[in-house]
1. Would you mind working out the accessible area per residue for the chain, using a 1.4 Å probe, and quoting it in Å²?
2. Taking only the alpha-carbon positions of region 1-65 and ignoring solvent, what does the Debye formula give for the base-10 log of I(q)/I(0) at q = 0.13, 0.21 Å⁻¹?
3. Looking at the chain only, what percent of DSSP beta bridges run antiparallel? Nearest 5 please.
4. Given contacts defined as C-alpha pairs under 8 Å and at least six residues apart, what's the relative contact order of region 58-209, whole-number percent?
5. When the accessible area of the chain is split by element with a 1.4 Å probe, what percent falls to carbon and sulfur?
6. Stokes-Einstein at 10 °C, 1.306 mPa s, Kirkwood radius from Cα pairs: D for region 99-166 in µm² s⁻¹?
7. Could you tell me the center-to-center distance, by alpha carbons, between region 268-330 and region 336-401 in angstrom?
8. What accessible area, in Å² to the nearest ten, does a 1.4 Å probe give for Lys325?
Amino acid sequence: MKTKWASISIVGMGYVGICTAATFASRGIRTIGIDIDQARVEQIRRGKAPLHEPQLDSMLKNVVRKKLLDATSDISVAVHTDVTFLTVGTPSQPDGSIDLSYIKNATEDLGNLLREKRGYHLVVVKSTVVPGTTNGVVKRFLEQSSRKTIGSELGLCANPEFLKEGTAISDALHPDKIVIGSDDKKSASELAKLYRRFYGAQLPPVILTSPEAAELVKYASNAFLATKVSFINTIANIAEQIPGVDVGTIAEAIGLDPRIGGLFLKAGPGYGGSCLRKDLQALINYSQNKNYDPILFRATEEANEQQANRVVDMAEKLLGSLSSKRVAVLGLAFKKDTDDIREAASIRVINQLKNRGARVVAYDPMAIPNTRRHLSEQIDYADNVQSALKGADCAIIMTEWDQFRQLAAKDFQAYMNNTNIVDARRILDPKHYAHLNYVTIGMGPSIA
Ligand code: UGA
């Protein structure tokens, strides 16, 4: 690879790294992606997305063809760029705290290489890390291995991301803010300069702050979102006790108050995904280690756990007992348009169904391969909705896929043994199901 081929390097070609790399390159900024997984690197070099994300495949193809993006497993190329983003994973440890080993390794490798570099190099921590990590472990490892100090030759910033799976590319192109945390002016202004180049006249508000505050912004954001979901699920569970009340109306009404806001108020089976739970647990663990018990966030988590049990309770109530009953789980992904099942509510529901003796058959348009890897043959897998419903005593809708929205009452009647339906995503119109055993989250008994 030629010296100075790219202006930025990104270490860690996971979901955040690859979306960040593709979008930087799409704005004409030469980018090199770095990952230890050779197969992943080869795939990127061929312009193929190694994960499912709308728009990513076509964007990658385009930027690779135009030679704006390349990938390698050799981290030494990072030295020939001006800025290195760290986007490696920060998984949970068994106690909920975050595992910083990938961050430490990447920082040390980079620092060793930067020792010989002449000229300025900026290191940017984009991975989600608890407050104090950038200024603590990362700074220490970087300064020790490079034998330089943050200042004229070496820069360091915390710069969290707020991408959502399924809309990550458009989120990266149109963020609502950019948060830059740094203790030295040069680092912050170099990163702000890069973002000005990226966004031009569309530059969103830039919050310049300390690394610790930037790190906490990320956790605060995900903790708020998780709490908002547990909040509306709590209201949904109360609404279920009141004849004629639908949580959708409550959400619509409260959402019109700008202090509350209408988004993230969809009641359902509880939040999933690789971030909300992981980040909430990391924040709880971090806070407890500082001798403050964040009871609100513990309740958010507990309410989320219980929500899956409530879905299974609904099925049990319809069926009397779940023992030996065939239950069709429609949807496995933690939300629609992804094959991701990490921390998905479907998995919690399936485990409960199994515990209560049900025979589970599952269908998902995209997430069966991932579920098979996770649950292997503990459950049956169907190739389509119809075969999932065939002979089922109950159907539970767990993901809001568009194809499930289009189902009609007759589709259930045609195949099911008994037409018991639990709509955990509230996507069917109850009016059309009144003649079946249909229940949904957040809906009180109908008034006769
Ligand atoms: C989440 C955040 O929304 C992003 O801002 C953040 O950058 C990201 O985590 C991260 O830290 O990387 P994501 O995990 O892609 O993004 O998923 P969301 O769209 O936030 O959904 C999370 C879960 O909450 C899903 O299971 C979804 O079904 C559930 N949810 C969401 C509800 O049950 N109700 C709602 O109203 C909204």
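1. On the way: 20100 Å² over 448 residues.
I get 45 Å² per residue for this part.
2. So the normalised log intensities are -0.29, -0.79.
3. 5
4. Values: 205 pairs, mean separation 27.8, N = 152.
That works out to 18 percent.
5. Numbers: 10360 of 20100 Å².
That fraction is 52 percent.
6. Using the Kirkwood radius from Cα pairs, D works out to 128 µm²/s.
7. When both Cα centres are located, 17 Å separates them.
8. That residue has around 60 Å² of solvent-accessible surface.
The values are calculated or read from the model by the stated rules, or taken from the named source; none is laboratory data. As the structure is a computational prediction, the values presented were derived from the model and not from experiment. Glycine gets a Cβ as well: all are built from the backbone with ideal geometry, and neighbour counts include every protein chain shown. For the accessible areas, the whole protein counts, side chains as well, though only heavy atoms, and no ligand, DNA or RNA atoms are used. Shrake-Rupley method; radii C 1.70, N 1.55, O 1.52, S 1.80 Å.
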